[in-house]
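The next block holds one structure in the form of structure tokens; read it before the comments.
The values are calculated or read from the model by the stated rules, or taken from the named source; none is laboratory data. Remember, predicted model here, so these are calculated numbers, not experimental data. Neighbour counts are summed over all protein chains in view; Cβ atoms, including those assigned to glycine, are modelled from backbone coordinates with ideal geometry. SASA here: full protein model, heavy atoms, side chains in, ligands and nucleic acids out. Shrake-Rupley method; radii C 1.70, N 1.55, O 1.52, S 1.80 Å.
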Amino acid sequence: MSLFKKQQIVLASGNPGKISEIQAMLAGHSIIPQSQFCIADAEETGSSFVENAIIKARNAAWHSHLPAIADDSGLVVDALNGAPGIISARYAGSGASDQENLQKLLGELQDIPDAQRSARFICVLVFMEHAKDPCPLIAQGIWEGRILQQPIGTNGFGYDPVFWVPEHACSSAQLSAGVKNSLSHRGQALNRLTQLIKERECDQWLY
Ligand code: IMP
């Protein structure tokens, strides 16, 4: 069995939606949320998803002395020049709820017609073997869609109720967890990341 499967890995997130999706997709692995080690969220001082994911992974690896996976993700809306982007979790202000962020988004887009409401979810995942890992593994996933005029659906979290998924003609919050994970930015990034981890393990075995 690979080291990745046997080893405990700390997940650098306090977001229950992300935690349940990542744990479901990595079922069979020991993925432990950082809250179980009493690790506080790192301050997201980067100006890109990649920078923030590295900051979070390093913080979790440093405090836990374990390998870490971090997720930095968000919604990029073309009509808003890429907003909310890296501040998706706090679009309506620090400590804002998912509902407040979503209402702010709908307000900003109120005069924008359907044809101009294109958007995408982005997820960057980082795997770091330890806090001083000089070569963190980085994987990105992108999920294209459109922003609805009104929320619909109760599954998922965050902006899912306003994210229209053209392939299924419904919102992301109307998809089952399994279908969302098979399509989503996070699912795509996780597939890529597990591939990169396997490749690194093979390299380490060979040399
Ligand atoms: P982060 O914790 O700084 O990475 O913020 C991520 C934020 O992006 C979340 O709090 C959500 O608002 C949004 N987000 C990321 N992924 C998803 C998703 O799969 N569904 C809905 N919203 C998401």
Applying the gyration tensor rule to the Cα atoms of region 57-138 (axes a ≥ b ≥ c; rounded if a/c under 1.5, else prolate if a/b exceeds b/c, else oblate), the class is prolate
The answer for trypsin sites (Lys or Arg not before Pro) in region 28-134 that fall in a DSSP coil and have at most 13 neighbouring Cβ atoms within 10 Å is Lys132
Where a ≥ b ≥ c are root eigenvalues of the Cα gyration tensor, a/c under 1.5 meaning rounded, otherwise prolate if a/b exceeds b/c and oblate otherwise, region 90-151 counts as oblate
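Which value, to two decimals, describes the C-alpha radius of gyration of the chain once divided by 2.2 N^0.38 Å? If you can, show how the numbers build up before the last one.
Numbers: Rg = 17.3 Å, N = 207, 2.2 N^0.38 = 16.7 Å.
Cα Rg divided by the expected 2.2 N^0.38 Å: 1.03.
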Once all protein chains are kept in place, Glu21 shows an accessible area at probe 1.4 Å, nearest 10 Å², of 20
Heavy-atom accessible area with a 1.4 angstrom probe orders Thr45, Thr194, most exposed first, as Thr45, Thr194
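Throw me the Rg/Rh for region 7-106, computed over C-alpha atoms with Kirkwood Rh, two decimals. Kindly include the intermediate steps, with their values, before the conclusion.
On the way: Rg = 14.3 Å, Rh = 14.3 Å.
Rg/Rh for region 7-106 comes to 1.00.
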Using alpha carbon centers only, region 174-207 is separated from region 1-75 by a whole-angstrom value of 14
From most to least accessible, 1.4 Å probe, no ligand or DNA/RNA atoms counted, His29, His65 line up as His65, His29
Whole-percent carbon and sulfur contribution to the accessible surface of the chain (1.4 Å, no ligands, DNA or RNA) stands at 53
For the chain, whose charge dipole is built from +1 on Lys and Arg Cβ atoms and -1 on Asp and Glu Cβ atoms, the candidate among His168, Pro67, Gly178 with its Cα farthest towards the positive end is Pro67
Averaged per residue, the 1.4 Å probe accessible area of the chain, protein heavy atoms only, in Å², is roughly 49
Counting only protein heavy atoms and leaving out ligands, DNA and RNA, the solvent-accessible surface of Leu137 at a 1.4 Å probe, in Å² to the nearest 10, equals 20
Once Glu167 and Asp78 are pulled to full extension, the length gained, defined as 0.36 nm per residue separation minus their Cα-Cα distance, is 30.1 nm
Of Gly178, Gly141, Gly158, the most mobile residue in a GNM of the chain (C-alpha springs, cutoff 10 Å) is Gly178
